[in-house]
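In what follows, a structure is listed as structure tokens, so that the remarks can point back to it.
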Amino acid sequence: QVQLLESGGGLVQPGGSLRLSCATSGRTLSTYGMGWFRQAPGKEREFVAAIRWNGDSTYYADSVKGRFTISRDSAKNTVYLQMNSLKPEDTAVYYCAAKPYGVPLSISASTYWGQGTQVTVSS
């Protein structure tokens with residue numbers, strides 16, 4: 001069992017930045033593809049970004065390309081989502097997902113989930 005813990009959410013003004021972190025306890029993430037999803041009020045959960053287990057490939061939703069960057073630090077068992085130029089429409093609960101030896105590009109393809117962290121973009 002993999003337990004994922006997100007952190008770094010909060011309230012930020014439009015145009016601002018936040019960095020989300022996803023860490024696991026008790027198990028290495030080095031063989032897991034990792035991803036971020038988000039769910040806004042009244043909407044379905046959607047894919048945001050993902051990174052292959054060895055870090056050599058990254059994937060982004062069109063809505064965040066050029067603004068968000070996913071990265072991983074295997075030594076710290078942590079995955080990050082750097083979010084720049086934030087917009088009000090980025091407001092959502094952000095979830096970390098993991099898939100062993102794969103890439104969590106969809107909800108059905110994701111094996112493990114964190115509890116989520118709230119990101120609110122508002123002036």
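Listing for the model above:
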| read-out | value |
| --- | --- |
| Karplus (6.51, -1.76, 1.60) ³J(HN,Hα), θ = phi - 60°, over the stretch 14-21, in Hz, Gly and Pro reported as x | x, x, x, 10, 9, 10, 8, 10 |
| Segment residue 76-residue 57, length gained on full extension (0.36 nm per residue, minus Cα span) | 4.9 nm |
| The chain: most fluctuating residue of 71, 110, 85 per GNM, C-alpha cutoff 10 Å | 85 |
| With every protein chain in place, the chain: carbon and sulfur % of accessible area (1.4 Å) | 46 percent |
| Heavy-atom accessible area order for 56, 73, 90, largest first, 1.4 Å probe | 56, 73, 90 |
| Loop trypsin sites (Lys or Arg not before Pro), the stretch 1-68, which have at most 11 other Cβ atoms in a 10 Å radius of their Cβ (DSSP) | 43, 65 |
| For residue 20, net neighbour charge (Lys/Arg +1, Asp/Glu -1) across residues whose Cβ lies under 11 Å away | +1 |
| The stretch 1-20 versus the stretch 21-37: alpha-carbon centroid distance in Å | 15 Å |
| Area accessible to solvent at residue 117, 1.4 Å probe radius, in Å² | 20 Å² |
| Candidate lysines - alpha carbon under 21 Å from residue 65, same-chain residues fewer than 8 apart omitted | 43, 87 |
| Using θ = phi - 60° and Karplus 6.51 cos²θ - 1.76 cosθ + 1.60, couplings along the stretch 98-107 (whole Hz; Gly, Pro as x) | 9, 9, x, 6, x, 10, x, 8, 8, 4 |
| Å² of accessible area per residue within the chain, as computed with a 1.4 Å probe and no ligands counted | 50 Å² |
| For the stretch 1-109: relative contact order, % (alpha-carbon pairs under 8 angstrom, 6 or more apart) | 35 percent |
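The values are calculated or read from the model by the stated rules, or taken from the named source; none is laboratory data. Since we're looking at a predicted model, the values are computed, not measured. Methodologically, a virtual Cβ is constructed for each residue, glycine included, from the backbone with ideal geometry; neighbour enumeration extends over all protein chains shown. What goes into the accessible areas is simple: the full protein's heavy atoms, side chains included, and nothing from ligands, DNA or RNA. Shrake-Rupley method; radii C 1.70, N 1.55, O 1.52, S 1.80 Å.
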